[in-house]
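Visitor: Input: one structure, supplied below.
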Amino acid sequence: GEGDYLWTSPNTFVASANCGLYCGAKVDFVDIDPLTYNLSPEALEKKLIQAKQDHKLPKIVIPVHFAGQSCDMKKIYLLSKEYGFKIIEDASHAIGGKYLDRPIGCCQYSNITVFSFHPVKIITTAEGGIALTNSKQLATKMQLLRSHGITRDKNLMQKPNDKDWYYEQIDLGFNYRMNDIQAALGVSQMKRLDEFVSKRNKLKDRYDSLLKSLPVTTTHIDSDCYSACHLYTIKLELEKITKTHGQVFTELKLNNIGVNIHYIPVHLHPYYEKKGFEIGDYPNSEKYYNCAITLPMFFTLDDEQQDIVVNSLKKIIC
């Protein structure tokens, strides 16, 4: 709420930051690790030390599991105990992934984990998502917010009675319910989650092998993590290439390769620049953005298509 601070990664979609603004909080960012592109625990600790001196500690920190790889949640969790903030994992990319051999979403090191089921994600319900927690209090609160603040639970009612039709609005909620058709689609997709993630890991390994000799840096996965491999990103080694980042991207598009950039750092968007953020505030995020390209990664991608992607890239940059 008003007067609170929410911190998240600049290397994310804007929703990870906007959620704090919806509540009237102030939003700030923590720079990324240059290897994993996830929120850096070292940068977080440094920022927390300063924030404690300034009396501006965050109430919430949202680590973003970029591309499907978990942040170093154990380190972030230990910092939360020292500095008193709550943790919401943005695992929109990471369903089916693991951290320290436990499934992402178990909330061992967080208060809430959020998955996205947007059409481009590993599991889809056409739109929507899910929030997971081990807290009964938070689960009850989220259930109320999901459906207009209405309950049929007699234990929560202020004027309970025995009428079957009776319900009460006990809070101000929203119309955030997923419809039954979307839910049925999601349930059917969940049955194939392991299959989806396994195939994506095989595609990642094959990309790594095919790109080994090219002037690019491939995705690093920490040994503590089993990535869901939602995205496959590379960094162009621009000092070894005669073309610019923009030229490589455009030429790949002209070759019908469906590349993208994930992400424009949130603090560089005009809306956030108006709040005082500037180029140079989060150098690792900006350096990554200036050379990153996301290559095609989807369940039905086959070897022939993957070869076309790599050969097209090779012709452009070599």
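The values are calculated or read from the model by the stated rules, or taken from the named source; none is laboratory data. These numbers come from a predicted model, not from an experiment. Every residue, glycine among them, receives a Cβ derived from its backbone with ideal geometry; neighbour counts consider all protein chains shown. Ligands, DNA and RNA are excluded from the accessible area calculation, which covers all protein heavy atoms including side chains. Shrake-Rupley method; radii C 1.70, N 1.55, O 1.52, S 1.80 Å.
Visitor: Only one of (1) within 24 Å of M190 (Cα to Cα); (2) open to solvent by 10 Å² or more (accessible area, probe 1.4 Å) fails for K74. Which number is that?
Guide: (1)
Visitor: I need a count of the residues in region 34-62 that are open to solvent by 40 Å² or more (accessible area, probe 1.4 Å) and either more than 27 Å from H220 (Cα to Cα) or within 17 Å of the chain's Cα centre (by Cα) (or both).
Guide: Count: 11.
Let's see how each residue does on (1) open to solvent by 70 Å² or more (accessible area, probe 1.4 Å); (2) outside any loop (DSSP other than H, G, I, E, B); (3) touching a residue at least 12 places away in the same chain (Cβ under 8 Å); (4) under 29 Å from P296 (Cβ atoms):
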residue: A139; (1), (2), (3), (4): no, yes, no, no
residue: L144; (1), (2), (3), (4): no, yes, yes, no
residue: N155; (1), (2), (3), (4): yes, no, no, no
residue: K159; (1), (2), (3), (4): yes, no, no, no
residue: R177; (1), (2), (3), (4): yes, no, yes, no
residue: R200; (1), (2), (3), (4): no, yes, yes, yes
residue: L203; (1), (2), (3), (4): no, yes, yes, yes
residue: K212; (1), (2), (3), (4): yes, no, no, yes
residue: T219; (1), (2), (3), (4): no, no, yes, yes
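Visitor: Further question on the same structure: Please go through (1) open to solvent by 30 Å² or more (accessible area, probe 1.4 Å); (2) closer than 25 Å to T300 by Cα; (3) touching a residue at least 12 places away in the same chain (Cβ under 8 Å) for T124 and return the number of the only condition it doesn't satisfy.
Guide: (1)
Visitor: Select, from G280, G276, G258, G246, the only residue that is surrounded by fewer than 14 Cβ atoms within 10 Å (Cβ to Cβ) and either modelled with pLDDT under 95 or touching a Pro at 6+ places or on another chain (Cβ under 8 Å) (or both). Don't jump to the end; show me each part of the working.
Guide: On the way: G280 fails: either modelled with pLDDT under 95 or touching a Pro at 6+ places or on another chain (Cβ under 8 Å) (or both); G276 fails: either modelled with pLDDT under 95 or touching a Pro at 6+ places or on another chain (Cβ under 8 Å) (or both); G246 fails: either modelled with pLDDT under 95 or touching a Pro at 6+ places or on another chain (Cβ under 8 Å) (or both).
That would be G258, the only listed residue that is surrounded by fewer than 14 Cβ atoms within 10 Å (Cβ to Cβ) and either modelled with pLDDT under 95 or touching a Pro at 6+ places or on another chain (Cβ under 8 Å) (or both).
Visitor: OK, next. Before we move on, is H269 of a type outside the set (D, E), open to solvent by less than 60 Å² (accessible area, probe 1.4 Å) and out of contact with any strand residue (DSSP E or B) (no Cβ under 8 Å at 6 or more places or on another chain)? Walk me through it before giving the result.
Guide: Values: of a type outside the set (D, E): yes; open to solvent by less than 60 Å² (accessible area, probe 1.4 Å): yes; out of contact with any strand residue (DSSP E or B) (no Cβ under 8 Å at 6 or more places or on another chain): yes.
Against the criterion (of a type outside the set (D, E), open to solvent by less than 60 Å² (accessible area, probe 1.4 Å) and out of contact with any strand residue (DSSP E or B) (no Cβ under 8 Å at 6 or more places or on another chain)), H269 qualifies.
Visitor: Can we say I76 is part of a helix (DSSP H, G or I), touching a Pro at 6+ places or on another chain (Cβ under 9 Å) and touching a residue at least 12 places away in the same chain (Cβ under 8 Å)?
Guide: Working: part of a helix (DSSP H, G or I): yes; touching a Pro at 6+ places or on another chain (Cβ under 9 Å): yes; touching a residue at least 12 places away in the same chain (Cβ under 8 Å): yes.
It is true that I76 is part of a helix (DSSP H, G or I), touching a Pro at 6+ places or on another chain (Cβ under 9 Å) and touching a residue at least 12 places away in the same chain (Cβ under 8 Å).
Visitor: Ok, one more. Looking at this structure, is C291 closer than 16 Å to A67 by Cβ and either of a type in the set (A, V, I, L, M, F, W, C) or surrounded by fewer than 17 Cβ atoms within 10 Å (Cβ to Cβ) (or both)? Walk me through it before giving the result.
Guide: Details: closer than 16 Å to A67 by Cβ: yes; either of a type in the set (A, V, I, L, M, F, W, C) or surrounded by fewer than 17 Cβ atoms within 10 Å (Cβ to Cβ) (or both): yes.
Answer is yes for this residue.
Visitor: Which pairs have Cβ atoms under 7 Å, sit 6 or more apart or on different chains, and link a residue in region 273-284 that is closer than 14 Å to K46 by Cβ to one that is open to solvent by 100 Å² or more (accessible area, probe 1.4 Å) and of a type in the set (D, E)?
Guide: Filtered contacts from region 273-284: no entries.
Visitor: Let me ask you something else. List pairs: first residue in region 286-297 and closer than 18 Å to N38 by Cβ, second residue of a type in the set (S, T, Y) and open to solvent by less than 20 Å² (accessible area, probe 1.4 Å) anywhere in the structure, Cβ distance under 7 angstrom, at least six positions apart or on different chains.
Guide: These pairs meet every condition: Y288/Y37; A292/T233; T294/Y232; T294/T233; M297/Y232.
Visitor: Something else now. Among residues belonging to region 1-33 that are more than 17 Å from H65 (Cβ to Cβ), touching a strand residue (DSSP E or B) at 6+ places or on another chain (Cβ under 9 Å) and part of a helix (DSSP H, G or I), point out the one that is least open to solvent (accessible area, probe 1.4 Å).
Guide: Step by step, filter region 1-33, then rank; the result is G20.
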